[in-house]
Amino acid sequence: MKLWLVRHAPVLLAPGSCYGALDVPADDAETRASAQALADVLPQGLRIITSPLQRCEQLAQALHGLRPDLTLAVDKRLQEMNFGNWEGRRWDAIARSEFDAWTADFAGHLVGGHGESVRAVMDRVGQAFDSLPRDADAVWVTHAGIIRAALLLARGIREVERADQWPLDATACGQWRTLELSSIHSR
């Protein structure tokens with residue numbers, strides 16, 4: 001099976017802002033352009049599963065409007081990581097000591113004081129990954145962090161203990177990548 005991992009279009013926030021679980025809209029024109037490009041390449045009848053955050057729902061709805069043959073579902077497990085009190089702040093305004101505390105316990109630290117841990121994100125994305133149909137391709141409309149988690153899961157990695165184990169390459173806003181998953185194993 002093939003899993004299409006689609007990242008939402010650019011958001012309407014100042015560049016350099018942390019906006020993990022912050023529910024902000026994406027640029028309408030960029031969303032429409034991304035939806036059109038994706039609509040042109042997706043096979044018939046796929047299931048679109050989207051994060052509930054509006055930047056992803058905008059793209060999923062635009063895509064569904066162009067391609068009514070695609071079914072649409074929302075899955076909160078595809079929501080971006082919650083960065084706690086970092087949400088809405090500029091990345092360069094977050095103290096180095098806060099980043100150091102996270103990297104010292106990369107798996108278990110509650111980011112931003114009361115946000116999520118990487119372990120919690122990997123667990124919930126792993127549950128969504130395990131629930132993928134084994135006999136049909138699917139589309140996830142989601143976020144950079146969730147795409148990175150899916151890349152690890154596709155390689156059989158369920159736990160990330162150190163920051164240097166987290167993938168650095170991010171799918172650009174409005175773009176996608178595919179994973180060929182010939183044998184998905186449930187936990």
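What the table below lists for this structure:
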{"quantity": "Cβ-based exposure ranking for SER51, SER182, in which fewest neighbours within 10 Å come first", "calculated": "SER182, SER51"}
{"quantity": "Value of [θ]222 nm, deg cm²/dmol, for the chain, DSSP H segments ≥ 4, -39500 (n - 2.57) each, nearest 500", "calculated": "-9500 deg cm²/dmol"}
{"quantity": "Considering only the chain, percent of DSSP beta bridges that pair antiparallel, nearest 5", "calculated": "35 percent"}
{"quantity": "Viscosity 1.306 mPa s, temperature 10 °C, Stokes-Einstein D of segment 99-151 from Kirkwood C-alpha radius, µm²/s", "calculated": "128 µm²/s"}
{"quantity": "Length-normalised contact order of the chain in % [C-alpha pairs under 8 Å, at least 6 apart]", "calculated": "34 percent"}
{"quantity": "Segment 44-71 versus segment 119-187: alpha-carbon centroid distance in Å", "calculated": "19 Å"}
{"quantity": "Of [x] 37; [y] 32; [z] 44, the label for percent of Cα pairs over 24 Å apart derived from the coordinates", "calculated": "[x]"}
{"quantity": "Protection proxy ranking, peptides 156-163, 15-22, average beta carbon neighbours within 10 Å, highest first", "calculated": "15-22, 156-163"}
{"quantity": "Cβ-based net charge around ALA107, under 12 Å, with every Lys or Arg adding one and every Asp or Glu removing one", "calculated": "-2"}
{"quantity": "Burial ordering of PHE106, PHE99, fewest other beta-carbon atoms within 10 Å first", "calculated": "PHE99, PHE106"}
{"quantity": "Crossing angle, helix 118-130 versus the chain [Cα axis fit, 0-90 degrees, rounded to tens]", "calculated": "20 degrees"}
{"quantity": "Burial ordering of GLU30, GLU98, fewest other beta-carbon atoms within 10 Å first", "calculated": "GLU98, GLU30"}
{"quantity": "In nm, spacing of pseudo-spin labels at LEU72 and ARG96 (7 Å Cα→C-beta vector)", "calculated": "4.7 nm"}
{"quantity": "Linear extension gain, ARG89 paired with ALA104, 0.36 nm per residue minus alpha-carbon span", "calculated": "3.2 nm"}
{"quantity": "Top of ARG55, ARG119, ARG134 by mean-square fluctuation, Gaussian network on the chain, Cα under 10 Å", "calculated": "ARG134"}
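Read-outs throughout are calculated quantities, based only on the coordinates presented, and are distinct from any laboratory measurement. Since the model is a prediction, treat every value here as computed from it, not as a measurement. All Cβ positions, glycine included, derive from the backbone under ideal geometry; neighbour counts span all protein chains shown.
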